[in-house]
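Here the structure is laid out as structure tokens; the discussion comes afterwards.
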Amino acid sequence: MLVRDATPDDVADIGRIYNEGIADRIATLEEDPKDAEDMAAWWAEHAGRYAVLVAETGPGVVVGWASLNRYENACSMAGIADLSVYVGRTARGTGVGAALLTALERRAKTNAFRKIILFALTKNERALGLYVKFGYREIGVFREHGAVDGKYEDVIAMEKLLQPA
Ligand SMILES: CC(C)(COP(=O)(O)OP(=O)(O)OC[C@H]1O[C@@H](n2cnc3c(N)ncnc32)[C@H](O)[C@@H]1OP(=O)(O)O)[C@@H](O)C(=O)NCCC(=O)NCCS
């Protein structure tokens with residue numbers, strides 16, 4: 001498996017994998033699939049330090065992606081990035097998420113971030129397993145933080161301080 005920087009040509013695959021996570025009702029409080037316009041806006045937000053990586057199992061076979069997202073605009077918090085990681089349905093549980101997270105943390109340090117934060121549904125056991133394995137610390141749980149299909153979900157906040165590169 002190869003983890004590399006995403007290019008504009010990958011945005012359709014990123015959107016497809018993102019939409020699987022949305023449809024599975026496990027990854028996010030989002031309910032509606034992202035269309036090409038949504039994904040173009042998302043891509044535009046990920047310039048510079050806010051890296052997007054993809055994992056591929058063969059030339060052009062993208063099976064997952066991870067991104068560093070803007071957390072706050074305040075200068076004092078410029079060292080913090082929010083994290084996303086999505087693996088396509090058929091590739092989950094095969095080490096793709098771990099490979100992406102390893103590479104993304106390395107990139108975060110290179111791009112002068114000192115902390116990664118994330119938010120996950122508390123019922124997302126696979127994601128929590130990944131984050132705990134990588135040393136993310138629980139901050140706390142937002143109770144009934146958003147309603148998906150009319151049902152309120154709890155959301156856990158986690159953080160990891162990165163060792164300097
Ligand atoms: C969550 C997700 C990114 C994890 O990636 P993955 O490729 O499936 O996970 P990996 O195979 O790399 O496993 C890495 C670690 O995660 C944990 N893990 C994996 N599957 C697990 C499961 N079913 N239950 C608990 N922990 C699990 C383990 O610690 C595992 O390490 P190990 O294999 O040494 O035990 C992936 O399943 C996914 O994209 N799911 C849908 C979208 C999503 O939920 N994204 C996260 C939003 S917060």
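The values are calculated or read from the model by the stated rules, or taken from the named source; none is laboratory data. Remember, predicted model here, so these are calculated numbers, not experimental data. Here Cβ is always computed from backbone atoms with ideal geometry, including for glycine, and neighbour counts include all displayed protein chains. Just so you know, the surface numbers come from the protein's heavy atoms only, side chains and all, with ligands and any DNA or RNA stripped out. Shrake-Rupley method; radii C 1.70, N 1.55, O 1.52, S 1.80 Å.
What aspartates and glutamates could a cross-link reach from Lys115, if we take a straight Cα to Cα line under 18 Å and drop same-chain neighbours fewer than 8 places away? Here the aspartates and glutamates satisfying the reach criterion relative to Lys115 are Glu72, Asp82, Glu105, Glu138, Glu159.
In this rough spin-label picture, where each label sits 7 Å from Cα along the Cβ direction, the Ala74-Ile139 distance is 1.1 nm.
With both labels modelled 7 Å from their Cα along Cα-to-Cβ, the Lys115 to Asp9 distance reads 3.9 nm. Subtracting the Cα-Cα distance of Arg16 and Leu161 from 0.36 nm times their residue separation leaves 49.1 nm of extension gain. How large is log10 of I(q)/I(0) for the chain at q = 0.09, 0.19 Å⁻¹ when the intensity is taken from the Debye formula with one equal scatterer per alpha-carbon? Debye output, listed in q order: -0.28, -1.39.
Assuming charge only on the beta carbon of Lys and Arg (+1) and of Asp and Glu (-1), the dipole of segment 3-63 about its Cα centre is about 260 debye to the nearest 20.
The listed peptides 89-97, 1-9, ordered by packing as a protection proxy, come out as 89-97, 1-9 (highest mean of other Cβ atoms within 10 Å first).
Counting only protein heavy atoms and a probe of 1.4 Å, the accessible surface of segment 2-114 is 52% carbon and sulfur.
Seen from all sides and averaged, what is the projected area of the convex hull of the Cα atoms in segment 36-81, in nm²? One quarter of the hull surface, i.e. the mean projection, equals 4.1 nm².
Simple point charges give the picture: +1 on the Cβ of Lys and Arg, -1 on the Cβ of Asp and Glu, and for segment 2-114 a dipole about the Cα centre of about 620 debye. Label positions at Thr90 and Asp35, each projected 7 Å from the Cα along the C-beta direction, are separated by 2.7 nm. The residues of the chain expose, per residue, 53 Å² of accessible area to a 1.4 Å probe.
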